[in-house]
Amino acid sequence: MRIAEISVHGCLLRPLGSKDTGGMNLYLRQLSWELGKLGVEVDVFTRWHDPTEPEVMKIGEKARLIHIAAGEQEDMPKPDIYHCLPQFLSHLRRFLEREGTAYDLLHSHYWLSAWAAEELKAQLIIPHVATFHTLGEVKNRARPAEMEPELRLEAERKAIALADGIIAFTAEEKDNLMHIYGAQPDQVKVIPCGVDLKLFHPMDTEEARRELGLLGHSKILLFAGRIEPFKGIDILLRAVVCLEDKDDLRLLILGTDSESDGEVARLRSLSGELGIGDKVTFLGVVEHERMPLFYNAADVCVVPSYHESFGLVALEALACGTPVVASRVGGLATVIKDGETGYLIDKLSHEAFAQRLELLLGDEELRRRMGGAARSSVMKYTWSKVAGQVLRVYEELIGA
């Protein structure tokens, strides 16, 4: 079996946490590797954004990353990439003609790729399964102040209506696909994301802090992810202000924003205005392989997002035995067991977050108990299981 994965805007080799690079990139990277182990040949097609990278790169046992020219070979806003999609498809077809490669199925990731895959599907006459990772209308309802463009919503509606299959990460996402976008129940399969349990595992907290140079702090909070308003970091900063004991507290913020550090500058300024500038450290992008050190060094991982389709950061933290305090939104409500492995916050308010953080930071025995339960709660989320379930969806669609 040979699969063409379409990820127009998201190159899976870019550092996680950098511009427009997050859970989707990790998902596609891990899925490609694991499918290769199962004997599936995978080609991932993405826009050629860096002229220093070769056209074709091997990324796994049976997986390749293939760069397709579309627009300038540099970072571009998503609306600009949308207007380059016809060129992307034209150059992709030329690559296929040159290689003489035939595929059994298309799997698209995100709305830009779903649009491209539907156009390509009509020419290759093969099935198309879509994974959206986030949905524009769901984001609009979660945070109306930052509306997604209509062209995205229209592209999602069209792709959802035409796709042979859709993979959703949670039952809630399937419900949104059906009731907001009109997807058919048997069209959508729910398959969660995974976590690398060998990489993300519990380790000695003091040793992790020593390696990171953080031994001088008795309490550490961690945020990790792309830094943008939708992630709710301002809620976390205001929650820190409400904590009673902040003497030795340190809040670590990992990742960068997608607009030339504009959001980082705003949050730095807000930290100063709130009087906690000396408690907050922005560490930028951290290599994914080093993330277990940060999860293990932290007393609590905080995910105050307005919405998360799944919540890979929460999953990784739990795999390291670190309790998570998160918004009760999207996949976070599936990953975190409220009161057992962390806390889910119903109302997106800094007071509600501060209350739970105060409780956890002040009770070492509670943190240990939740940390112990956290690891065992995520043992079912392995990438090999995810790939096996995705492969079954491929086989069903190809057989049909």
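Quick notes on this structure:
- The packing ranking of peptides 224-236, 172-184, 267-279, 104-116, highest mean first, is 104-116, 224-236, 172-184, 267-279, where packing means the average number of other beta carbon atoms within 10 angstrom of each residue.
- Antiparallel content of DSSP bridges confined to region 1-113, in %, to 5: 15 percent
- Between the amide H of A168 and those of K189, V190, I191, distances stay under 5 Å, these residues lying 5 or more places away or on another chain, with hydrogens modeled in the peptide plane.
- Mean Cβ count within 10 Å, highest first, over the residues of peptides 358-365, 4-11, 376-383, 313-320: 313-320, 4-11, 376-383, 358-365
- Packing-based ranking, highest mean first, of 298-309, 192-203 given that Cβ atoms within 10 Å are counted: 298-309, 192-203
- Where both bridge residues fall in the chain, DSSP classifies roughly 5% of the beta bridges as antiparallel.
- Computed E for L270/R290 - FRET, C-beta separation, R0 30 angstrom, nearest 0.05: 0.65
- Cut-off under 5 Å, modelled amide H: who pairs with V42 long-range: I3, A63, R64
- Calculated FRET value between E364 and E99, using beta carbons and R₀ = 51 Å, to 0.05: 0.30
- Here mean projected area of the Cα convex hull in nm² was computed from the coordinates, and among (1) 18.5; (2) 20.4; (3) 24.6 the match is (1).
- V190 paired with R64, simple spin-label distance in nm, labels 7 Å along Cα-to-beta-carbon: 3.8 nm
Quick note: the coordinates plus some simple rules give every number you see, no bench work behind them. If you're wondering where the values come from, they're calculated on a predicted model, not measured in any experiment. Here Cβ is always computed from backbone atoms with ideal geometry, including for glycine, and neighbour counts include all displayed protein chains.
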